[in-house]
Every structure is written in structure tokens, then in C-alpha cells.
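Step one of this worksheet: look at the structure below.
Please treat every number below as a calculation from the coordinates, not as lab data. Keep in mind it's a predicted model, so treat the numbers as computed, not measured. With ideal geometry, Cβ positions are generated from the backbone for all residues, glycine too; neighbour counts draw on all protein chains shown.
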Amino acid sequence: MDNGSSVAISPDQVANPSSVHNKLNKSPGMIGMVLFALVLLGGIGYAVMHLAGDLAGTHMISVWPYVLLGVALLIALGFEFVNGFHDTANAVATVIYTHSLEPHIAVVWSGMWNLIGVLTSSGAVAFTILSLLPVELILQVGKGAGFAMVFSLLIAAIIWNLSTWWLGLPASSSHTLIGSIIGVGLANQWMGGKNGTSGVDWAQAAGVFRALLISPLVGFGCAAILLLILKLLVKKPELYESPKGDAAPPWWIRGLLILTCTGVSFGHGSNDGQKGMGLIMLILIGTVPTAYALNHAIGYNQVQDFAAVSEQAARALSGYVSTNAVMDDARTDLTDYIRTKQFTPTTMLAARQMAVEIQNEVLSYKSLAGVPADQQQNVRNDMYVESEALRLMAKSGDPKFTSPENAVLANYKKHLDLSTKFIPSWVKVAVALALGLGTMVGWKRIVVTVGEKIGKTHLTYAQGASAEIVAAVTIIAADQYHMPVSTTHVLSSGVAGTMLANGSGLQLSTLRNIALAWIFTLPVAATLAAGIFWAMRQFI
């Protein structure tokens, strides 16, 4: 998004910009502020109550973990706050500039659907991003290296996002966070005395890069095509006109624009909202593993099913174990496989042995909540490396399992992930509140950028609807495929596509800023994160 870019725009480029600006400058009013405060306090109360309940049974003898947890959560929610005023308000630009909704009503409506999107999200996008991190740091998340990793990621992302906002450069929080992850991975690799870049899962990163690269192109091209199709099929002249004064559009156009705004808001919450969730879960696992290392909702009946599935997986893996394989430690061998991506006979032996050990562990403890406090992290790490090893085997196709075996192992991996890759409801509420608060702070500058600084003429109803329909579909589809995308770039490129298709002209200075952001975000975020990680490792 472009946060207050200095691109000048003349009154003849945008129809009656003062009528929009007058609305933008209005106060939300006492009633609106009171309602927002009540929602904020209610959400904070809900999150604090559930966090306190989870911590009640941890019995930590020192206050230090609680202090560390508080600081880490504030930084993680600070990232989501910045993400909010960077991204979320993109959704309301079209309904505001077409006078479909009053600005403050639009912001509240968008915030509500962001909340719904966050609460209904699966968390899969969050864990897709976390899979880019070095496995050894994931397993050491409760130690110095793990804390240095999480803090470095968050601080670097916040610094770059705030810097781009201050300079008026459009930036993607998704792009920034992934750049930070790459920086930490490389720094961890080089600090370990090994040359090269194996500290980053480049195959996984390539998939994420493709999603981030292709999604704006999809937004640009599909929004342009959709506008042309609308012109061909819908012969309603008022749909292709700019708003007249500050009058609301016809009811059916207004309903369409509000619906598309809702879709983008929901999609943003369900996709972008997950990025901070995964890091918050790493923080919780590192500071209070007793409460968060394993999913305590997995009870006796589920554990019996888990044990049976583990036994099936062990049998499927046994058929591929070489008689010459020699294993040292199952978790260590699987960790090496995840880190190096080099499959050996030992890998299969370790995977089979780990399945047996996990089966014995879950059966002996009856439920995941029954795992002793000092073993919660160990059991989680066993499940995590087994799941990641199975993911890599499925992706590489080595060994070549039969279809029934693939089904058994996929079911086993699903059970592993249900036990370790979960997000409590209070975390989702806290993230949604941070996003909403960020939107309330930064929405005006974003709205002006999307509404005025991409095209040379005022946004028409059809342009706004086309851009938002494509953005909503793209973001929600990416969420279904567990891929992160940038709401900022999808929507802004969609608006640019409609301007080009309509012959309205584009403001090249804004497009230049978007291109600069894409060029500099990844290397700068990576450099910042690597530098911060190196500095922290000198002291932690």
C-alpha cells in the first residue's frame, strides 16, 4: 500500500475530491468511539482471561518467563497493528470513494469482517510461513536462539513497515515478514560455520514467492478483464460513471460495492491475520510449553485413534526400511534430513522409529494434557519433525509410496498437525483487535492512495467492484491453498488494471513506488533481520 505518497493530484483528475476529503476528516462521533472502546475492552478482557486461565496451571517458579511472554506478545501484536494500518483499510477505499458507505461506518464494517475472517481461519497459512524457518531454531524455540529468532523477525518487520509508511512507499507486510525469515535463516546458517544458504528451505520459499509475485499480476489482469466483461454484458451507463458530488450510488450498485468490500475484508482477516498468529504460537511454546506445546483438547478417545493411526504409519514405513540402515537418534536423524533435504536409508528407519515412539508416548499418557510438564516440549518436537519429514517425502516423491500408503501417511500427518499446529481462540481475538486498532489509526492515508493516486480519473462504480471482486477471490483462494498473499498489492494492482482497461490513465509515480517497494523490501528486511539476529545472539 502507499501510505501518504507525495504524488500530487489536481482537482480535474478526480471528480470533487473535496467532497470525499470532507467526509474523511469527520470525527467518528462519541457513540462510535464508545462502541469501539467497548469492543476493544471486551476483546482484551476475553484474551487476558483465557491467557490467565492457561497460565494458572503452569506453576513457574520465576517471574521472568511471564515478563518475557508479555514483552514478546506486545511486539508480536505490534506487528499486527502495523499490518492493520498498512493493509486492512485497502478494502474500504472503493466504498468510500464511491459514497457507498460513510468512512467511519465503512471502517467499522470492514473491521467486523476482518474479525470474522481471523476467527474462522484455519491457521494453515501461519504454519506455511513457519515452515520456512530453520528446523533447529523451531526445536529450540524455548532457548536463546529461538527467542532471538522470533524477536529478530518481528522487530525487523516492524522497522521496515514503519519506515516505508514514513517515506510514503507502498509495502507488503507479507513480503516483509518473509524477507525477515530468510534473513534469520541465512544468519543462522553462516553463524553456524557453514557456507552457503541451506539455512533456508528454498523449495518452500519458492512457492511463497510465486504466490506473492503472481497474485498482483492476477489482480491486475483479471480486474481489467472483468471490467471489460461488465461493459460487454451489463448495459447500465450509471455503473461506469464517476460519483456525482457526494450522492450515494443506486441501491443495487451500492449493495454490490458493500458486498465486495465485505469479501476483501473477510479475505484479509483469514489470510493476513494468520501471519502473526504463527509467531505468537512460537512465543507461547517457548515461554510456557506446559500450556501450549501440545493441543490439550486431544483427549482419551482422540489419543486412541492417534495411536492406531501411528501404528498404521509405522507399518507403511517399515516396507521401505533398508536392512543396512543404522540409526543414531531418530529425532536427530530426521532433523538432519529436514535441514539438508538429503534422503538416506537412515531417514526411513528414523521415521519408522519415531512413529513407534510417538505411538508409545500418546498411549502411556492417555491424553495430551496428561503429558508431564517436563516432557511436553519433547513430545511436541518429536511430532513436529515427524510431520515435516513426511511433508518433504511427499513433496520429493522419494520414496515412491503406493496410493494406499500415501493415504495412510497423509492421515497420520493430519493427526500430528492437529496435536501441534493449533491456535487458541484468544490468540485470534488478540490478533483481530490489533489489526482493527491499526486500521483505525492508518486508514485515511491508505484510502486516499487507492482512491486518488493510482489512476488519473475518479474511480467509477464498476472499477471499484471489479477490483474488489478479484481481490476477494484471489485472497480467499490463496487461503484455501495455504499460501500467503499481499492484500495491498492485489487490490492496488486490481485498481490499476481497471484504470488501464478503462483508458483512464495511470499515475506512473505511484507505480514506480510500488515497484521500488517490491525491489527493496526483501533484501532490506532480510538484512535487518540478519543483523538483529546476529546482535541478539551475542547476548542471548
Could you state the number of Å between the C-alpha centres of the range 272-350 and the range 362-403? 2
Work out from phi, with θ = phi - 60° and the Karplus expression 6.51 cos²θ - 1.76 cosθ + 1.60, the ³J(HN,Hα) of each residue of the range 217-228, listed in order in whole Hz, and give x for Gly and Pro. 5, 5, x, 5, x, 5, 5, 5, 5, 4, 4, 5
Report, in debye and to the nearest 20, how large the dipole of the range 296-420 comes out about its Cα centre when Lys and Arg carry +1 and Asp and Glu carry -1 on their Cβ. 360
Contact order normalised by residue count of the chain, Cα under 8 Å, 6+ apart, percent: 35
Among 161, 233, 287, flag the residue with its Cα farthest along the positive direction of the charge dipole of the chain, charges on Cβ as +1 for Lys/Arg and -1 for Asp/Glu. 233
Can you give the angle from 0 to 90° between the axis of helix 144-167 and the longest principal axis of the chain, with both taken from C-alpha atoms, to the nearest 10? 10
How large is the helix-only mean residue ellipticity at 222 nm for the chain, computed as the sum of -39500 (n - 2.57) over DSSP H runs with n ≥ 4, divided by its residue count, in deg cm²/dmol to the nearest 500? -24500 deg cm²/dmol
Can you give me the P(r) profile for the chain? Cα pairs, bins 20 angstrom wide beginning at 0, each as a whole percent. 22, 50, 25, 3, 0
When the charge dipole of the chain is computed with +1 at the Cβ of Lys and Arg and -1 at the Cβ of Asp and Glu, the Cα pointing farthest to the positive end, of 184, 485, 516, is that of 516
Multiply the residue gap between residue 163 and residue 311 by 0.36 nm, knock off their C-alpha separation, and tell me the result in nm, one decimal place. 48.0 nm
Rounded to whole Hz and in sequence order, give me ³J(HN,Hα) for the range 472-486 from the Karplus expression 6.51 cos²θ - 1.76 cosθ + 1.60, θ = phi - 60°, writing x for Gly and Pro. 4, 5, 5, 5, 5, 5, 4, 5, 5, 9, 6, 10, x, 9, 9
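Fewest Cβ neighbours within 10 Å first, please rank 222, 261 accordingly. Spell out each step's value before the answer.
Details: 222 21, 261 27.
Listed from fewest to most nearby Cβ atoms, that is 222, 261.
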Going by alpha carbons, how many degrees (0 to 90, nearest 10) lie between the helix axis of 300-318 and the longest principal axis of the chain? 70
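Any idea what the relative contact order of the range 296-420 is, in percent, if you count C-alpha pairs under 8 Å spaced at least 6 apart? Before the final figure, lay out each step's value.
Numbers: 137 pairs, mean separation 45.4, N = 125.
Here the relative contact order equals 36 percent.
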Measuring from the longest principal axis of the C-alpha atoms of the chain, the long axis of helix 376-396 (C-alpha) lies at a number of degrees, nearest 10, equal to 70
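If the viscosity is 1.002 mPa s and the temperature 20 °C, what Stokes-Einstein diffusion coefficient in µm²/s follows for the range 296-420 when Rh is the Kirkwood radius over Cα pairs? Write down the numbers at each step before the final one.
Details: Rh = 14.5 Å.
Taking Rh from Cα pairs, D becomes 148 µm²/s.
Taking the mean number of other Cβ atoms within 10 Å as a proxy for protection, how do you rank 294-304, 240-250 from highest to lowest?
294-304, 240-250
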Per-residue HN-Hα couplings for the range 253-267, Karplus 6.51 cos²θ - 1.76 cosθ + 1.60 at θ = phi - 60°, whole Hz, x for Gly and Pro? 5, 4, x, 5, 5, 5, 5, 5, 4, 4, x, 5, 5, 4, x
Could you point to the residue in 245, 76, 353 farthest towards the positive end of the chain's charge dipole, with +1 and -1 charges on the Cβ of Lys/Arg and Asp/Glu respectively? 245
For residue 455, residues with placed amide H under 5 Å, excluding near neighbours: 507
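How would 281, 112, 149 line up from fewest to most surrounding beta-carbon atoms within 10 angstrom? It would help to have the intermediate numbers written out before the result.
Working: 281 24, 112 17, 149 30.
So the residues, fewest neighbours to most, are 112, 281, 149.
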